[in-house]
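Below you'll find the structure, written out as structure tokens, and then a few comments.
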Amino acid sequence: LAKTTQPISMDSYEGQEVNITCSHNNIATNDYITWYQQFPSQGPRFIIQGYKTKVTNEVASLFIPADRKSSTLSLPRVSLSDTAVYYCLVGDGQAGTALIFGKGTTLSVSS
Amino acid sequence: GAVVSQHPSWVICKSGTSVKIECRSLDFQATTMFWYRQFPKQSLMLMATSNEGSKATYEQGVEKDKFLINHASLTLSTLTVTSAHPEDSSFYICSAREPSGSDEQFFGPGTRLTVL
């Protein structure tokens, strides 16, 4: 499984846009890129998933360049409640394949 | 989206006792479920892959005789921590994917185990 590298931590203020970049140089052709959010003492929560180019949903956007060796999670206008750990994962999306978590990025949003 | 539940949400036990944690897929059938462990300030670590009707597959370094996994139905997997010790205190999280649905992996809310 491809290894991912993310910044350990990021700080932001309410209302700002936050971009978290993840490197996955060894991503395989069949791998998807998925981002999860985790609050303390809770299970991870799915944010967004993509394969290439740009994906947008109601909470975030995911930008993936053509070489797919990195991806950027964009959170528009963050609030205090967005303070959490964000994990970038890559995997083939098969039902029998587990997700392997890296260290994640701890995002701290201040007022 | 699909829902995965865990029971109990937290448990405190004495050293040497066994504790069972249940993981259920509430609105889909999961032939495969996954068990993770998370220590404070650390990431999730995959412990084992639970396969319905067959033996679980354990990650390197995880003792299969200590962490017993049973996946007796398509909606239930159980993790039993046998002869628990304080170092087993951790946050245990299960997950599952819909085999015919999206590629999203659904996680349970986690179980906090504290061994005294």
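Count of segment B:1-55 residues, restricted to those that are within 16 Å of B:THR75 (Cβ to Cβ), assigned to a strand (DSSP E or B) and either within 10 Å of chain A (Cβ to nearest Cβ) or open to solvent by less than 40 Å² (accessible area, probe 1.4 Å) (or both), is 12. Scanning segment B:95-116 for residues that are at pLDDT 95 or above, more than 8 Å from chain A (Cβ to nearest Cβ) and open to solvent by less than 30 Å² (accessible area, probe 1.4 Å) yields B:THR111, B:LEU113, B:VAL115.
Quick check on segment A:62-82. Is at least one of its residues at the interface with chain B (Cβ under 10 Å from one of its Cβ atoms) and surrounded by 13 or more Cβ atoms within 10 Å (Cβ to Cβ)? No, segment A:62-82 contains no residue that is at the interface with chain B (Cβ under 10 Å from one of its Cβ atoms) and surrounded by 13 or more Cβ atoms within 10 Å (Cβ to Cβ). Within segment B:63-79, can you find the residues that are more than 10 Å from the chain's Cα centre (by Cα) and open to solvent by less than 20 Å² (accessible area, probe 1.4 Å)? B:HIS71, the sole residue that qualifies. The set of residues in segment A:16-40 that are open to solvent by 70 Å² or more (accessible area, probe 1.4 Å), within 15 Å of A:LYS52 (Cβ to Cβ) and more than 10 Å from chain B (Cβ to nearest Cβ) comprises A:THR29, A:ASN30.
For segment A:9-27, a residue qualifies if it is within 17 Å of A:GLY102 (Cα to Cα) and of a type in the set (A, V, I, L, M, F, W, C), and the qualifying residues are A:MET10, A:ILE20, A:CYS22, A:ILE27. Test A:GLU58 against the criterion of being farther than 23 Å from B:ALA2 by Cβ and loosely packed, with under 15 Cβ neighbours inside 10 Å, and give yes or no. In short, no.
Which of the residues that make up segment A:86-104 are closer than 18 Å to A:ILE20 by Cβ and crowded, with 21+ Cβ neighbours inside 10 Å? Within segment A:86-104, A:TYR86, A:TYR87, A:CYS88, A:LEU89, A:VAL90, A:LEU99, A:PHE101, A:GLY104 qualify.
The values are calculated or read from the model by the stated rules, or taken from the named source; none is laboratory data. Predicted model only: the values in this text are computed from it and were never measured. Cβ coordinates were reconstructed from backbone atoms using ideal geometry, including for glycine residues, and neighbour counts include every protein chain displayed. Accessible surface is based on the protein model in full, side chains and every heavy atom, while ligands, DNA and RNA are left aside. Shrake-Rupley method; radii C 1.70, N 1.55, O 1.52, S 1.80 Å.
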